[in-house]
Amino acid sequence: MEKAEARKLQPYFIRAFFTEAFQNLSGEMRPRESGRFEVRHVPAAIRERDRVIGESRTPVLKKYERICFEKHLVRVHGKPMADLIHPGHPLMQTTTDLMLSAHRSKLKQGAVLVDPNNDGLEPRILFMVDNSVREADGDQPRVASRRLQFVEIDQHGNAYHAGWAPHLDLQPIDDYDLKLVQDILNAPWISADLESLELNHASQNLVPEHYQEVKTRRERQADKVLAAVNERLVKEINYWSDRYIKLSDDVAAGKQPRMQPEMARRRVDELTERLNQRKRELEAMKNVVSSTPVVIGGALVIPQGLLAQRKGETTFCADAEARSRIETIAMNAVMEIERGFGHIVKDVSAEKCGWDITARPPTNPDGSLKPDRHIEVKGRAKGQNTITVSRNEIIYGLNQVDKFILAIVIVDGDNFEGPYYVKNPFTQEPDFGVASINYDLDQLLAKSMQPGPAT
């Protein structure tokens, strides 16, 4: 649940995509109140496309007085009500469909990208996989969940989960750097059947996890609804059954009741059938099946370390080793201090979930759970004045602002200062296409506080 919260699309991923895509389609969108926008003109191409694919009764309008991407901004006192732009909104659906129609072929064509945060020397192939879980019953089964997942394959044929949005941390390669890696583009391992390896990994690891998550969620939801339906309808059925018995007794005694017993009996039959129908619907809701995963795109990812080596930057390897050592010292420092607070500490940096350490505090006296801490660790050598944070790290931090902590450790040889904890280190998401941002170290340290159990 916490990982899902960290990678949720609303509002930051949605806003970044829609803003760029809408402007790319010549739409006019201007900022108004904080977090709210006015759409003065929706291009005819978008409106015409909505007429073709529109599935809702709400058409795309020529203009919108206000739109927003966060639920609490829909209504602002003294201002016009805003449309909440989300994946199911007609304007968002149509814009997405047009962008996919224009660029879907480029996904299959592939690209060469650079990972600026990777000091390694091994290139890898990144695949995008589309996987759906749909309802099992019905003539036209509805999609219950659709997920875009990423798998990486290295030159040795090893496949592994690449994280939830790794492409956002990558950059296009320039022409000069592309010439340096021509031999990799022509390497035999790239022309091998990597897609089969990727699909096999997805089918054995990612797809079952997705299916089980959706099935468990729908079963829990169906059971909850069924309990509420049972409570309400069984109560009504018992009431009308009792009325039927009393009315029948009145008729047998020669009385003329205002309602005939037959009407009460029909009401019992209607409610019983309604209850049975809802039970069938809710039982069908639990039955889901997973569709076959489909590869929709791929890219060759070149680590920055490999480019630096081929450019002859002799100091880069030493710098990479030093950075790895500094990060290790910083991670150990933060985990040690968290254990000192009595927290259960887990290193999740390899899981690529958006932070490095999960620290779980002890339970409250009444047995309730305290929220976990999600700590992103940044180690810096003494004398450095910036910290680089990737786009995903920033958005994950914004999505879980109450749990996220940026921990900074200043390393000097074998000694270190800190860690220094910064709550709410980020105020807004990066602009579209920005893979990372450099933050001033002194400014972050000025907002930091000493670690504590209640930090």
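The values are calculated or read from the model by the stated rules, or taken from the named source; none is laboratory data. Remember, predicted model here, so these are calculated numbers, not experimental data. Positions of Cβ are backbone-derived with ideal geometry, glycine not excepted, and every protein chain shown enters the neighbour counts.
Looking at T388, T363 in this structure, which one is under 30 Å from T19 (Cα atoms) and surrounded by fewer than 17 Cβ atoms within 10 Å (Cβ to Cβ)?
Working: T363 fails: under 30 Å from T19 (Cα atoms).
Testing whether each residue is under 30 Å from T19 (Cα atoms) and surrounded by fewer than 17 Cβ atoms within 10 Å (Cβ to Cβ) leaves just T388.
Kindly indicate whether A330 is at pLDDT 85 or above, more than 30 Å from H201 (Cα to Cα) and in a helix (DSSP H, G or I).
yes
How do the helices (runs of 4 or more DSSP H) wholly within region 170-282 filter down when requiring 2 or more residues that are touching a helix residue (DSSP H, G or I) at 6+ places or on another chain (Cβ under 9 Å) and among the hydrophobic types (A, V, I, L, M, F, W, C): which remain? Give the steps one after another, and end with the answer.
Details: elements: 175-180, 182-185, 194-201, 207-252.
The qualifying helices (runs of 4 or more DSSP H) are 175-180, 182-185, 207-252.
One line per residue, one yes/no per condition, for (1) farther than 30 Å from R278 by Cβ; (2) among the aliphatic types (A, V, I, L, M):
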site	(1), (2)
L148	yes, yes
H156	yes, no
L168	yes, yes
W189	yes, no
L199	yes, yes
E209	yes, no
D223	no, no
A228	no, yes
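I'm told W164 meets every condition in (1) free of Cβ contacts under 8 Å to residues at least 40 places away in the same chain; (2) among the aromatic types (F, W, Y); (3) surrounded by 18 or more Cβ atoms within 10 Å (Cβ to Cβ) except one. Can you identify the failing condition by its number?
(1)
Wholly within region 1-103, which helices (runs of 4 or more DSSP H) include no fewer than the required count, namely at least 3 residues that are at pLDDT 90 or above?
Working: elements: 2-6, 12-24, 44-53.
Ranges flagged: 12-24, 44-53.
Can you tell me which residue is surrounded by the most Cβ atoms within 10 Å (Cβ to Cβ) among those in region 410-433 that are under 16 Å from G397 (Cα atoms) and β-branched (V, I, T)?
V422
In region 397-438, which residues are among the hydroxyl-bearing types (S, T, Y), part of a strand (DSSP E or B) and over 22 Å from R325 (Cβ atoms)?
Y421
Pull up region 36-76, narrow it to residues that are of a type in the set (D, E) and surrounded by 14 or more Cβ atoms within 10 Å (Cβ to Cβ), then point me to the one that is nearest to E429 (Cα to Cα). Walk me through how you get there before you give the answer.
Step one: list which residues in region 36-76 are of a type in the set (D, E), which gives 38, 48, 50, 55, 65, 70.
Adding the requirement that they be surrounded by 14 or more Cβ atoms within 10 Å (Cβ to Cβ) leaves 38, 50, 65, 70.
Values: E38: 20, D50: 29, E65: 24, E70: 14 Å.
That would be E70.
Among V345, V301, which is under 26 Å from the mean Cα position of the chain (by Cα), surrounded by 14 or more Cβ atoms within 10 Å (Cβ to Cβ) and modelled with pLDDT under 90? Let's see the steps before the verdict.
Details: V301 fails: modelled with pLDDT under 90.
Just a single option satisfies the conditions, and that option is V345.
For residues that are modelled with pLDDT of 85 or more and basic (K, R), scanning just region 104-114, find the one that is nearest to D183 (Cα to Cα).
My answer is K106.
Identify, please: which residue in region 338-386 is of a type in the set (S, T, N, Q) and in a strand (DSSP E or B) and is, among those, nearest to P451 (Cα to Cα)? If you could, list the steps in order and put the result at the bottom.
Just the residues of region 338-386 that are of a type in the set (S, T, N, Q), to begin with: 349, 358, 363-364, 368, 384-386.
Then keep just the ones that are in a strand (DSSP E or B); that gives 358, 386.
Working: T358: 15, T386: 21 Å.
By that ranking, first place goes to T358.
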